[in-house]
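Scroll down for the structure; my scribbles are underneath it.
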Amino acid sequence: MKRPLPILVFSDLDGTLLDHNNYSWSAAKPGLQRLAEIGTGVVLASSKTAQEIIPLRDAMGQADMPAIVENGAGILWPGNADVGEDDYPRLRALLKKLPQGFVGFGDMTIDEVAQKTGLSSQQANLARQRKFSEPGVWTGSDVDLAEFLEAARAHGLYARKGGRFLTISFGQTKADAMREVVRHMRPVRTIALGDAPNDIEMIQAADQGVVVANPHGPNIPPFPAPVEARVLRTQQSGPQGWSDAILTLTADFR
């Protein structure tokens, strides 16, 4: 009988496992190596598309692990590049019915996405190949934003604030997909790391949560006391904070 995974790590990408400024994950290598020594890996969980995550997952040596794409709307299982039915046209059609002010990736050219994100043109093109969700920026006032969000909910849409963008979807979260992966892989213990509000449910759902310091955007406020008691907050940001947390939390594993 196959030995169960001692732990399974779920991790946000931008601002957590990837550096906010240059998207590098080099500072996380000690933590990734430690997980390999234990015999486990990382389930990448991001607002990124499947096409963005596949090369990242391979480069990090996690090709045999599932990945959570577009904030939980799809799961990319190992060996399968298909993440399910395409809801993007329906989402875009509903967005056109809402008050104006939200500018999504689908409203931008590849060059504009690259400018907003700091990605290369090739990477920006992959970021626009969406199936379930629409990241973007709000260009109106706070009052108009409240009206937009209320109208979105009336149409069955939900907004999630990440480290860089406001993402509109049909409401799935990273925690929803995390639970499905856990049911499939049955790890003994779970760790979830993130740096922004769209990671909150995933961090709460894990046995051990990690809030990676985020000096660039909206941080994660304190949880209720019982949850905060099992949350580690890093001093360092990005992949350095990520690696520090993994090394701390796995120190007792042999």
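The values are calculated or read from the model by the stated rules, or taken from the named source; none is laboratory data. Nothing here was measured: the structure is a model prediction, and the numbers come from that model. Here the Cβ positions follow ideal geometry from the backbone for every residue, glycine too, while neighbour counts run over all protein chains shown.
Can you work out which of the residues in the range 94-116 that are farther than 17 Å from ASP144 by Cβ and among the β-branched types (Val, Ile, Thr) is surrounded by the fewest Cβ atoms within 10 Å (Cβ to Cβ)? Going through the qualifying residues, I end up with THR109. Among the residues of the range 110-133, those that are in contact with a Lys or Arg (Cβ under 9 Å, 6 or more places away or on another chain) and over 16 Å from LEU13 (Cβ atoms) comprise ILE110, VAL113, LYS116. Among the residues in the range 19-42, are any within 18 Å of the chain's Cα centre (by Cα), part of a strand (DSSP E or B) and closer than 23 Å to VAL211 by Cβ? Yes, that holds for at least one residue.
Which residues, counting only those in the range 197-236, are assigned to a strand (DSSP E or B) and not β-branched (Val, Ile, Thr)?
Answer for the range 197-236, where residues must be assigned to a strand (DSSP E or B) and not β-branched (Val, Ile, Thr): GLN208, GLY209, ALA213, LEU232, ARG233, GLN235, GLN236.
Total residues in the range 222-239 satisfying the condition of being of a type outside the set (D, E, K, R) and surrounded by 13 or more Cβ atoms within 10 Å (Cβ to Cβ): the figure is 9.
Selection of the range 157-197 for residues being farther than 23 Å from GLY31 by Cα, among the polar types (S, T, N, Q) and touching a strand residue (DSSP E or B) at 6+ places or on another chain (Cβ under 8 Å) yields THR167, SER169, THR173. For first residues located in the range 47-75 and at positive phi, partners that are of a type in the set (Lys, Arg) and assigned to a helix (DSSP H, G or I) and lie 6+ apart or on another chain with Cβ distances below 8 Å form the pairs ASN71/LYS174; GLY72/LYS174. Take the conditions (1) more than 30 Å from ASP64 (Cβ to Cβ); (2) surrounded by 20 or more Cβ atoms within 10 Å (Cβ to Cβ); (3) touching a residue at least 60 places away in the same chain (Cβ under 8 Å); LYS174 misses just one of them, which is (1).
The listed residues are LEU119, LEU76, LEU91, LEU44, and the only one of them that is buried (at least 17 other Cβ atoms within 10 Å of the Cβ) and more than 18 Å from ASP176 (Cβ to Cβ) turns out to be LEU119. Only residues that are assigned to a loop (DSSP other than H, G, I, E, B), closer than 22 Å to GLN122 by Cα and under 14 Å from the mean Cα position of the chain (by Cα) were counted in the range 49-88, giving 1.
With respect to the conditions (1) farther than 28 Å from ALA28 by Cα; (2) modelled with pLDDT of 95 or more; (3) of a type in the set (D, E, K, R), GLU85 falls short on a single one, namely (2). Among the residues making up the range 215-245, those that are closer than 14 Å to TRP25 by Cα and not polar (S, T, N, Q) are GLY238, PRO239, GLY241, TRP242, ASP244.
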